[in-house]
Amino acid sequence: MRSKDVRLRDMTPSCALFFCIELTWPYWKPLESAEILELLAVYREYILSAFKADGLNVPPGRVAETWKHCRVIIDKEITEAEP
């Protein structure tokens, strides 16, 4: 887990991805392995686009539903850490 003085936006993409994976694990652990890989690709794209969802390629179905829940958690983490 991260220390309180390091914001998600300030992490390297790899650290941010790892943090988001840990943070949202309960929501995506029921997915199948191919769906998990698709979801992690969405996470990566979201992180690399500076946490902007415009033009994000989210696969339909369970991945989209899971992403919807996970994004709320990730965005809350970003909002709470803002100065």
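The values are calculated or read from the model by the stated rules, or taken from the named source; none is laboratory data. What you see is a predicted model; the values in this text were computed from it and never measured. Quick note on the areas: whole protein, heavy atoms, side chains included, nothing else; ligands and nucleic acids left out. Shrake-Rupley method; radii C 1.70, N 1.55, O 1.52, S 1.80 Å.
Could you provide, to the nearest whole Å², the per residue accessible area of the chain with probe 1.4 Å?
65 Å²
Could I get the Rg over Rh figure for the chain? Both from C-alpha atoms, Rh via Kirkwood, rounded to two places.
0.94
Using a 1.4 Å probe on the protein heavy atoms, what percent of the accessible area of the chain belongs to carbon and sulfur?
C and S fraction of accessible area: 58 percent.
Taking a cut-off of 15 Å between Cα atoms, list the aspartates and glutamates near Lys76, but don't count ones fewer than 8 places away on the same chain.
Straight-distance partners of Lys76: Glu22.
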